[in-house]
Amino acid sequence: MNQLNNFTKGFIRENPVFILFLGLCPALGVTTTAINGIGMGFATTFVLIMSNIVISLIKNFIPANVRIPSFIVVIASFVTIVELTMAAFMPSLFDSLGLFIPLIVVNCLVLGRAEAFASKNNLITAVIDGLSMGLGFTLALGLLGGVRELFGDGSILGWKFIQGDGMLIFILSPGAFLALGYLIMLSNKVKK
Amino acid sequence: MSNLLNVSPSPHVHGKETTVNLMKGVLIALAPAFVVTVLFFGYAAIIITGVAVLSCVIFEYLIQRFILRRENSVNDLSAVVTGVLLAFCLPTNIPLWLVVLGSLVAIGMGKMTFGGLGCNPFNPALVGRVFLFLSFPVQLTSWPKPKGFLTGYLDANTGATPLGIIKENYGELPVSEIMAMDQMPGYTDMFMGRMAGSLGEIGALALLIGMLYMLWKKIITWHIPVSIIGTVIVIAGGLWLVNPSENADPLFHLLTGGLLLGAIFMATDYVTSPMSSRGMIIYGIGIGLLTMVIRRYSAYPEGVQFAILIMNSVTPLINMYIKPKRFGEEVNNG
């Protein structure tokens with residue numbers, strides 16, 4: 001496979017959130033601000049790359065029957081690393097992401113790439129796939145968080161330029177669904 | 001209307017039930033309520049309604065023309081009805097840009113996103129109203145006091161709706177004392193419309209006249225309004241009989257809030273309500289039940305808007321399970 005093609009697919013063509021609809025739970029849950037979305041995106045990116053590396057290396061030793069539990073163990077170890085690191089060095093982000101950090105373990109994006117891609121491809125391809133998917137995920141969450149923050153609070157990346165309250169609905173969960181729906185519409189337009 | 005629909009085997013009987021005629025009928029039925037609201041809230045009501053109708057029509061035209069690129073459907077008057085209904089569930093001292101935003105959400109999000117009239121699963125006017133209600137709770141819950149025709153626009157003198165007063169004092173005072181408070185309107189005032197509230201929901205008498213007109217013209221059938229109102233009366237009456245010191249009587253629940261406006265004009269929207277009469281009754285009972293649950297047991301004083309939207313989402317299911325017997329189908333006599 002063409003590696004450049006492999007790298008660019010995650011952004012628009014096979015964007016995990018807008019096209020593949022993977023990892024929607026954190027995408028809807030944590031994106032109240034752009035910072036939260038981007039933080040979640042990078043945490044997931046790290047886990048994706050590391051788990052893709054390990055799984056692509058050990059793919060020949062795992063019996064097919066127990067591959068899903070084995071993948072989960074690998075993923076969970078990296079998620080624990082992310083969780084502890086974030087709690088130590090970024091406590092405020094850790095607090096606002098809350099339960100969604102340990103939940104990366106069951107993020108269908110990570111498991112999906114491990115099962116569908118890393119366990120069938122060589123190391124380099126798997127790393128690039130993890131990077132591409134992770135950055136695409138970060139892009140999607142950042143956009144979603146940015147839109148919700150802009151409309152819900154009148155600010156971009158914490159810089160408030162509209163005084164007063166925004167449209168509260170975008171901070172609440174219905175706003176996440178609305179914003180995601182319209183972003184999917186736009187990305188389909190761009191894809192064409 | 002596309003020409004395809006006019007081609008059918010003979011004999012040809014041409015009905016006058018076009019979308020335009022039905023929408024005209026709804027607008028005529030809404031007129032008495034509009035008169036009442038102008039009498040009590042003044043010219044602000046005319047401004048709000050005008051802005052809502054105008055922006056709904058403009059947004060529908062723009063979306064139709066530039067985004068969907070389809071035949072212009074503004075002439076079927078459905079956008080006008082949406083605009084009037086949206087204005088009718090807003091307070092009169094709301095900033096005008098919120099009215100425009102609500103119209104954009106109602107038409108753009110509630111109707112055109114799904115493909116225009118006939119394809120929307122939710123009542124567009126209520127989508128706009130609930131969007132505003134969740135986004136700007138402060139502006140949407142400050143109700144002007146009715147002062148007559150000369151009430152200025154953006155009058156600062158606001159008061160709570162009767163349902164709001166009950167909810168505020170609930171649990172602290174017995175209902176009989178809440179009812180005797182100065183700010184609580186009497187039943188005659190409630191019936192005529194002299195109370196704080198949204199534009200169109202105050203005049204119970206005018207709304208009932210509108211319902212009779214629509215029933216007479218066969219624009220709606222009795223099933224939905226009667227089953228909603230009946231359910232509310234039964235539940236409110238039951239609660240009241242069990243514990244009159246904690247629950248308001250059924251008449252109070254009937255006359256206050258958006259119940260009549262919702263039951264008569266919003267729940268009966270053709271697109272979003274079930275097609276069979278048995279389905280309509282189930283749908284109406286659902287709305288009445290949810291309304292009373294929200295009014296009595298939730299943090300919100302009024303629940304008609306959410307009840308109707310929730311039952312809107314159940315409508316396809318009701319349509320699927322409750323099918324009328326086809327002509328000639330074998331009837332199971334057991």
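To keep it simple, each residue is scored yes or no on (1) within 19 Å of B:Val314 (Cα to Cα); (2) among the aliphatic types (A, V, I, L, M); (3) at pLDDT 90 or above.
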| site | (1), (2), (3) |
| --- | --- |
| B:Ala87 | no, yes, yes |
| B:Leu98 | no, yes, yes |
| B:Gly102 | no, no, yes |
| B:Asn123 | yes, no, yes |
| B:Gly128 | no, no, yes |
Residue in the stretch A:177-191 that is out of contact with any Gly (no Cβ under 8 Å at 6 or more places or on another chain), closer than 28 Å to A:Asn52 by Cα and away from every other protein chain (no Cβ under 14 Å) present: yes
Subset of the stretch A:58-76 (residues that are open to solvent by 70 Å² or more (accessible area, probe 1.4 Å) and under 23 Å from the mean Cα position of the chain (by Cα)): A:Arg67, A:Pro69, A:Val73
The stretch A:19-61, residues that are aromatic (Phe, Trp, Tyr) and either in contact with a strand residue (DSSP E or B) (Cβ under 8 Å, 6 or more places away or on another chain) or in a helix (DSSP H, G or I) (or both): A:Phe42, A:Phe46
Residue within the stretch B:176-198 that is at pLDDT 75 or above and within 30 Å of A:Ser173 (Cα to Cα) present: yes
Unmet criterion (only one of (1) in a loop (DSSP other than H, G, I, E, B); (2) at pLDDT 90 or above) for B:Val81: (1)
Considering residues of the stretch B:139-166 that are of a type in the set (A, V, I, L, M) and under 21 Å from the mean Cα position of the chain (by Cα) only, the residue modelled with the lowest pLDDT: B:Ala160
Selection count, the stretch B:75-111, where residues are over 17 Å from the mean Cα position of the chain (by Cα), within 14 Å of chain A (Cβ to nearest Cβ) and either open to solvent by less than 10 Å² (accessible area, probe 1.4 Å) or among the acidic types (Asp, Glu) (or both): 1
Residue that is open to solvent by 40 Å² or more (accessible area, probe 1.4 Å), polar (S, T, N, Q) and part of a helix (DSSP H, G or I), where the choices are B:Ser227, B:Ser176: B:Ser176
Residue tally, condition outside any helix (DSSP H, G or I) and within 11 Å of chain A (Cβ to nearest Cβ), over the stretch B:112-135: 0
Residue satisfying all of: in the stretch B:286-297; open to solvent by 40 Å² or more (accessible area, probe 1.4 Å) and at pLDDT below 90; farthest from B:Glu201 (Cα to Cα) among these: B:Tyr297
Sole exception among (1) in contact with a Gly (Cβ under 6 Å, 6 or more places away or on another chain); (2) within 14 Å of chain B (Cβ to nearest Cβ); (3) touching a residue at least 60 places away in the same chain (Cβ under 8 Å) for A:Thr138, by number: (2)
Scan of the stretch A:154-170 for residues that are open to solvent by 60 Å² or more (accessible area, probe 1.4 Å) and either more than 9 Å from every other protein chain (Cβ to nearest Cβ) or not in a loop (DSSP other than H, G, I, E, B) (or both), ordered by number: A:Ile156, A:Leu157, A:Gly158, A:Trp159, A:Lys160, A:Phe161, A:Ile162, A:Gln163, A:Leu168
Scan of the stretch B:266-296 for residues that are aromatic (Phe, Trp, Tyr) and assigned to a helix (DSSP H, G or I), ordered by number: B:Tyr283
Every residue from the stretch B:237-265 that is buried (at least 24 other Cβ atoms within 10 Å of the Cβ), of a type in the set (Gly, Ala, Ser) and either modelled with pLDDT of 90 or more or part of a helix (DSSP H, G or I) (or both): B:Gly262, B:Ala263
Matching residues, the stretch B:196-211, being touching a Lys or Arg at 6+ places or on another chain (Cβ under 8 Å) and among the β-branched types (Val, Ile, Thr): B:Ile202
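The values are calculated or read from the model by the stated rules, or taken from the named source; none is laboratory data. Since we're looking at a predicted model, the values are computed, not measured. Virtual Cβ from ideal backbone geometry, glycine too; neighbours counted across all protein chains shown. Accessible surface is based on the protein model in full, side chains and every heavy atom, while ligands, DNA and RNA are left aside. Shrake-Rupley method; radii C 1.70, N 1.55, O 1.52, S 1.80 Å.
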